[in-house]
Structures are given as C-alpha cells and as structure tokens.
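Input: a single structure, listed below in structure tokens.
The values are calculated or read from the model by the stated rules, or taken from the named source; none is laboratory data. All figures in this text were calculated on a predicted structure; none of them were measured in a lab. A quick note on method: Cβ atoms are made from the backbone with ideal geometry, for glycine too, and the neighbour counts reach across all protein chains shown. Surface areas here come from the heavy atoms of the whole protein model, side chains and all, with no ligands, DNA or RNA. Shrake-Rupley method; radii C 1.70, N 1.55, O 1.52, S 1.80 Å.
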Amino acid sequence: MTDRVTRDDLPGGRPSGLVGKRIADYRVESEIGRGGMAVVYRALDLRLDRAVALKLLAPELARNDTFRKRFAHESRVAAAIDHPHIVPVFEAGETEGVLYIAMRYVAGQDLRALLDRAGPLPPEQAGRIAAQVASALDAAHAHDLVHRDVKPGNILVAPGTDSEHPEHVYLTDFGLTKKSLSLTGFTSVGQFVGTLDYVAPEQISGRPVDGRCDVYSLGCVVYETLAGVPPFRRDDDMALLWAHQYDPPPPLTEERRGLPSAVDAVLGKALAKAPEERYDTCLQFVAELRAALMGGPGAALPPPAPPAWALPVFRER
Ligand SMILES: Nc1ncnc2c1ncn2[C@@H]1O[C@H](COP(=O)(O)OP(=O)(O)OP(=O)(O)O)[C@@H](O)[C@H]1O
Ligand SMILES: [Mg+2]
C-alpha cells in the first residue's frame, strides 16, 4: 500500500480507501462518517501518539478561492475558542491540495444517531443537551462567530462524568465548512447536499445573519429532540424553505402530548421569523424552555377565574 493520497481517496471517492495512509502528520485508521462536503476519519497523530478526528474536505472546496480564504480565517477563529462544549480544533491545514482539520476525537455518537435510535428524548435529557449546546453557541457569539449550521449531526454526545452529568455534549463544525447556501449548499451539478430542516429564514433569503440564526436552528433541534420530528416537514425542498420563511410551526404540544403548554410559547419565540423577535441569547431560550418543561401540564395557562366564594369581598362602609 502506498501512502500517497489519490483523488479516489477523497470525499466522493471510494469509501475508506485512505485507511492506513498518511496525511500530513496523521495516520488514517478508520472512517467515522461522511457528510455532504467532507469525510471524517479516526486517525493517529503521529507526533503526539494520540487519537484525533481528521476531517478531509471535498476537493472542489479546495479549488474555490473564497472558500479557502474563509477556511483559513474561520479555522483560526474556531481554534481560538476554548470551551468545554466545543470540539477543540488542533490543526487546520492543506497538504497535496487537500484541506484538512484535525480535532479532538469524541467517543460517542452524534445527536442524529441518538434520535434515530432512541426517538424523542425525555424532557430532562433534552434540556441538558440543549443547555450545553446553548452555552457553546453563546460563547462563540461572544467571539462574533456564528455557527450557521446547528443540526443534530454537528452535536456530539459523549458519556458524561457521573449521574448528575449523564452526557457531555460537544458542538462541532464551527463555521469551518459552512456556508452560504450559494457557496456550499449545492454541488457543482446543482444537487442540494445536507439538510434544510434547521435553516433560519434570514439565511434562506440571504439577509445578514448573526447569533440569532443559531437561536432559530437550536430551536429546530430542540423541537426535534422533544417531538421526534423537526418543526417543518414538507415533500420537497422548496416547500420546506417556504415553510421556514412564512408558515407558523405546529405547536410542540400537538406533536408530543403531555408536555406543559408553556413550551409552545417558548418554541414559538425561538422560531420567530424575524430575528429581533427571538431570544437574544441561546441560554435565555434554554432557561425558559427548562422552566416551562418543569412546570407540568398547563403550567403557563393563566389561573382560572375564581369561583364566587373566592372573589374579593369589598364591604361597603
Ligand atoms: N470530532 C469528532 N469526533 C468523533 N466523531 C466526529 C467528530 N466530528 C465529526 N464526527 C462524526 O463524523 C460525521 C460526519 O461529519 P461531517 O461534518 O462530515 O458531516 P455532517 O455534519 O453529518 O454533515 P455536513 O456535511 O452537512 O456537515 C458526524 O456526523 C459525526 O458523527
Ligand atoms: Mg458536521
């Protein structure tokens, strides 16, 4: 086996053709998963003798100058964020025309796999996961970095430390490989790659985005962790884009019976069409979500009108 990289080994090529080969200072050990624009491998960092996750980007991205510049810039910003719920980036670079990112290898599964396997999550677990993702996003926003691609596949769920913290959640793919829909959403043949289930209305219409687009996407993810389905389901992509922009999301309590009705208003605010009507931060959203989830059925309903015997009594003097 040669250790030279050929085109066939890269994303879009034969699966796992790279196993055993060397890329920069890493030896590829096994394929972990692939998305639309990249393949992620478990690899050995030969200098430090430790496991890493090595992400190789599709070759057409390396040929796109705008993308290369953004890749270099955003890798630096993402690597500068040191946060317990963000996958640390060790190195980002280019070798033989291949753009790669080496990051901490997270043992566990992503939230997509967890939802596919376990279905809707218990409210407490959904709340814990949302809180960890929210803290990662707010930290990034404080660095002026917007994720733009918050979705279950970018949320890694590893075993936690103890029964108080049953899972440790990492957010990955921080602005590194994404994304304006025009740059990477469509392949050169115009086929859409990736998912539109979590995309904010302002991303669709090409308006400027800020951290509040991540609030929207987190809202979609939270909705799915509780309901088992994302807020909008349509037969084709155009209808789905339309729904994000114009249709009200179905109340969460209609999709999952038994949740306190207060959650509907919280999700409604996170999923507001206009960014200025959403929560300002992800942690505000999740704090209200958890308070609503704790409240029990009907928690947010106004109290019933008092019966006659409970009406205030005003004595005439
Ligand atoms: N640091 C990591 N440690 C362990 N597994 C990882 C790591 N980063 C990514 N993965 C796994 O690799 C899979 C593929 O990742 P990738 O980012 O290429 O695709 P995606 O996020 O599913 O889709 P997209 O192409 O839209 O980003 C992920 O779903 C995840 O399970
Ligand atoms: Mg990803």
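Summary table
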| item | result |
| --- | --- |
| Any hit, segment 142-152, residues being at pLDDT 90 or above, more than 16 Å from ligand 2 (Cβ to nearest atom) and either open to solvent by 10 Å² or more (accessible area, probe 1.4 Å) or not acidic (Asp, Glu) (or both) | yes |
| Only one of Asp49, Asp82, Asp45 that is over 30 Å from Gly258 (Cα atoms), crowded, with 18+ Cβ neighbours inside 10 Å and more than 16 Å from ligand 2 (Cβ to nearest atom) | Asp45 |
| Tally of residues being within 22 Å of Pro248 (Cβ to Cβ), under 18 Å from the mean Cα position of the chain (by Cα) and assigned to a loop (DSSP other than H, G, I, E, B) across segment 281-298 | 0 |
| Scope segment 15-34; condition among the small types (Gly, Ala, Ser), more than 22 Å from Thr195 (Cα to Cα) and within 13 Å of ligand 1 (Cβ to nearest atom); matching residues | Ser30 |
| Failed item, numbered, when Ala51 is tested on (1) modelled with pLDDT of 95 or more; (2) at positive phi; (3) small (Gly, Ala, Ser) | (2) |
| Residue satisfying condition, being buried (at least 21 other Cβ atoms within 10 Å of the Cβ), of a type in the set (S, T, N, Q) and at negative phi, within set Thr225, Thr253, Thr195 | Thr225 |
| Residue count for segment 137-157, restricted to those that are within 13 Å of the chain's Cα centre (by Cα) and in a loop (DSSP other than H, G, I, E, B) | 6 |
| Qualifying positions in segment 99-132 - under 26 Å from Glu31 (Cβ atoms), more than 16 Å from ligand 2 (Cβ to nearest atom) and open to solvent by 10 Å² or more (accessible area, probe 1.4 Å) | Ala107, Arg117, Ala118 |
| Leading residue by the ranking (nearest to His165 (Cα to Cα)) among those in segment 85-98 that are touching a helix residue (DSSP H, G or I) at 6+ places or on another chain (Cβ under 7 Å) and surrounded by 15 or more Cβ atoms within 10 Å (Cβ to Cβ) | His85 |
| Filter result for Val222 (closer than 20 Å to Ala113 by Cβ, part of a loop (DSSP other than H, G, I, E, B) and at pLDDT 95 or above) | no |
